[in-house]
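In what follows, a structure is listed as structure tokens, so that the remarks can point back to it.
The values are calculated or read from the model by the stated rules, or taken from the named source; none is laboratory data. Since we're looking at a predicted model, the values are computed, not measured. All Cβ positions, glycine included, derive from the backbone under ideal geometry; neighbour counts span all protein chains shown. Side chains are part of the model used for accessible areas, which takes the heavy atoms of the whole protein and leaves out ligands, DNA and RNA. Shrake-Rupley method; radii C 1.70, N 1.55, O 1.52, S 1.80 Å.
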Amino acid sequence: QERMPQTPLFAAMFDSSSYDRTLYQLKEDSCGGLYYHDNNLLSGSLEALIQHLVPSVDYYPDRTYIFTFLLSSRLFMHPYELMTKVCHLCIEQKRLTEPGLDKNWIQKMAPKILQLFTEWTETFPYDFRDERMMRNLKELLQRVASGDEMYRKNVQQLLQSLIEKLTTVSQYEEVLAEIDTMSTDHLTALRTKPQSLQRDIITVCSDPYTLAQQLTQIELERLSYIGPEEFVQAFVQKDPLDNDKSCYGDAKKTRNLEAYVEWFNRLSYLVATEICMPVKKKQRARVIEYFVDVARECFNIGNFNSLMAIISGMNMSPVSRLKKTWAKVKTDKFDILEHQMDPSSNFYNYRTALRGAAQRSLTAHSNREKIVIPFFSLLIKDMYFLNEGCASRLPNGHINFEKFWELAKQVSEFMTWKQVECPFERDGKILQYLLTVPVFSDDALYLASYESESPESHIEKDRWKMLRFVSEI
């Protein structure tokens, strides 16, 4: 009985600059349509690449190939279409088996087919929210498992694990919807800054270290739900061969990625709200210094996303214009953080710090040392430019596999980071405050800022008049 190796961790999967392509060389003649250079798979026709995904009696695709192709194929076809073709090729292989050798084929192929779909369902479970995908999966696996008790158990295990994952993500999305409802616009009540209506962050959590840890809880939880395919689905463009239909017949499935970006924006606005709300200058300065300490601790933890959200909240115009408040703040620590996250030279300082955190994570002995939470908007931007920077198809119609190998390498690093379990204890009271407390809109922030420190220029004075007029209506 041949046993397939288990799916490796992502870090191990892409730990070198290239993967083992010896199997590809063997397959090149038999399936055709694949182009190599120095044993590296560079490109192939879509059909040949699909064929390459399907195991045979004497072949199983390299794991990095499986991940790269499943990730990138959705730019060219719906996962359901790919699933249909893979199932067809598996069944076709069985049909071509010599009569009488059927049992022998099942023995050799069942572990490989099970392994392929274990990898697919573990890495891209959200593909199977499509009922057609689930139906096809069940039909194929039942066919493979028929007549062998051990395979039947494996199939049950695979399906059970997949259903658990999908149930968990549905529950998470329900929680997100509840949070959205709870935090929706109470801004009318908050417009004129009555202190009694809202506790401030320092009352809820006086210790900046604890707040940084709770922010890291939120970050890691939200990261963990982002599927690797969401990065690619965010790039799905109109298919040039089809006038008004995108490559996907249905809407882009990037809900968890969008929820994470929304969280970053919320945190920035929360920081700005907390700073602009206090009536007294001394209290505003205290809040700024508090957030600087929170940001510094985020940096030490490796939580660069919260760090950047805090800095961007402090750099919003309604906050940065409070000159009398800033005059009371010791800004040395803030200057150091700003320098770390300075966008010049394509965020050189941040990228250096990120590499350091990633390196620390590889040799870590504790979950705390493993934490790497990248500045997410920049990660998406990098992937976007990698995708836009070179063609997905070559002039001969081949898929540019070399490009997708690079993309998969970036996504796999993210996959390693998102699997880290948060080592800090949850504090429900602080988490609820961070996720649901109402935050000011842009206009409300400016209004609060002008009421704290009077407008100076004519433009500011006109804007203040207009905002007061609108708030009184």
Flag if Leu42 is open to solvent by 10 Å² or more (accessible area, probe 1.4 Å), outside the structural domain of Ala408 (by the TED database), touching a helix residue (DSSP H, G or I) at 6+ places or on another chain (Cβ under 9 Å) and not in a helix (DSSP H, G or I): yes
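Per-residue answers, yes or no, for (1) in contact with a helix residue (DSSP H, G or I) (Cβ under 9 Å, 6 or more places away or on another chain); (2) free of Cβ contacts under 8 Å to residues at least 60 places away in the same chain; (3) of a type in the set (Asp, Glu); (4) farther than 20 Å from Gln233 by Cα:
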site: Tyr59; (1), (2), (3), (4): yes, yes, no, yes
site: Phe76; (1), (2), (3), (4): yes, no, no, no
site: Leu114; (1), (2), (3), (4): yes, no, no, yes
site: Phe124; (1), (2), (3), (4): yes, no, no, no
site: Arg132; (1), (2), (3), (4): yes, yes, no, no
Any chance you could count how many residues in segment 319-332 are open to solvent by 30 Å² or more (accessible area, probe 1.4 Å) and either among the β-branched types (Val, Ile, Thr) or under 30 Å from the mean Cα position of the chain (by Cα) (or both)? 1
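Residues are listed down the side, and each one gets a yes or a no for (1) at pLDDT 95 or above; (2) open to solvent by less than 20 Å² (accessible area, probe 1.4 Å):
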| residue | (1), (2) |
| --- | --- |
| Lys280 | no, no |
| Tyr290 | yes, yes |
| Ala295 | yes, yes |
| Ala309 | yes, yes |
| Ser317 | yes, no |
| Ile336 | no, no |
| Ser344 | no, no |
Return the pair list, or none, for Cβ contacts closer than 8 Å from residues in segment 142-163 that are open to solvent by less than 90 Å² (accessible area, probe 1.4 Å) to residues that are among the basic types (Lys, Arg) and assigned to a helix (DSSP H, G or I), at least 6 apart or on different chains. Ala145/Arg152; Gly147/Lys103; Leu159/Lys138
Within segment 142-167, count every residue that is modelled with pLDDT of 95 or more and more than 27 Å from the chain's Cα centre (by Cα). 0
Condition set at pLDDT below 85 and among the charged types (D, E, K, R), scope segment 93-128, selection nearest to Tyr65 (Cα to Cα): answer is Lys108
Unmet requirement for Ser377, which otherwise passes all of (1) over 19 Å from Arg222 (Cα atoms); (2) small (Gly, Ala, Ser); (3) open to solvent by 40 Å² or more (accessible area, probe 1.4 Å): (1)
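Taking segment 164-176 as the search range and keeping residues that are touching a residue at least 24 places away in the same chain (Cβ under 8 Å) and either in contact with an Asp or Glu (Cβ under 6 Å, 6 or more places away or on another chain) or over 15 Å from Ala259 (Cβ atoms) (or both), which one is least open to solvent (accessible area, probe 1.4 Å)?
Checked segment 164-176; the qualifying residue least open to solvent (accessible area, probe 1.4 Å) is Leu166.
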Give the residues of segment 252-265 that are touching a Ser or Thr at 6+ places or on another chain (Cβ under 8 Å) and at pLDDT 95 or above, sorted by residue number. Phe264
Give me the pairs: first residue in segment 306-325 and part of a loop (DSSP other than H, G, I, E, B), second residue modelled with pLDDT of 95 or more and crowded, with 21+ Cβ neighbours inside 10 Å, beta-carbon distance under 6 Å, and six or more apart or on different chains, which are they? Met316/Ala272
Scanning segment 60-76 for residues that are closer than 19 Å to Lys253 by Cβ and open to solvent by less than 10 Å² (accessible area, probe 1.4 Å) gives Phe67, Phe69, Leu70, Leu71, Ser72, Ser73, Arg74
Filtering segment 125-139 down to residues that are within 17 Å of Val54 (Cβ to Cβ) and open to solvent by less than 10 Å² (accessible area, probe 1.4 Å) yields Met133, Leu137
Check whether at least one residue in segment 115-124 is among the β-branched types (Val, Ile, Thr), open to solvent by 10 Å² or more (accessible area, probe 1.4 Å) and under 27 Å from Met383 (Cα atoms), and report yes or no. yes
Filter segment 433-473 for residues that are among the aliphatic types (A, V, I, L, M) and touching a residue at least 60 places away in the same chain (Cβ under 8 Å); the one that is surrounded by the most Cβ atoms within 10 Å (Cβ to Cβ) is Ala444
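Would you confirm whether any residue within segment 391-401 is of a type in the set (Val, Ile, Thr), farther than 17 Å from Arg222 by Cα and open to solvent by less than 50 Å² (accessible area, probe 1.4 Å)? First the steps, then the outcome.
Here is the first cut: in segment 391-401, the ones of a type in the set (Val, Ile, Thr) are 399.
If we keep only those that are farther than 17 Å from Arg222 by Cα too, we end up with 399.
Right, trim to open to solvent by less than 50 Å² (accessible area, probe 1.4 Å) and you get 399.
Within segment 391-401 (the criterion being of a type in the set (Val, Ile, Thr), farther than 17 Å from Arg222 by Cα and open to solvent by less than 50 Å² (accessible area, probe 1.4 Å)), the answer is yes, since at least one residue qualifies.
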Of the residues in segment 411-430, those that are open to solvent by 40 Å² or more (accessible area, probe 1.4 Å) and either without any contact (Cβ under 8 Å) to a residue 40 or more places away in the chain or over 21 Å from the mean Cα position of the chain (by Cα) (or both) come to Glu425, Arg426, Asp427, Gly428, Lys429
Can you pull out every residue in segment 255-278 that is open to solvent by 10 Å² or more (accessible area, probe 1.4 Å) and among the polar types (S, T, N, Q)? Asn265
Of the residues in segment 371-395, those that are within 18 Å of Glu47 (Cα to Cα) and touching a residue at least 24 places away in the same chain (Cβ under 8 Å) come to Ser392, Leu394
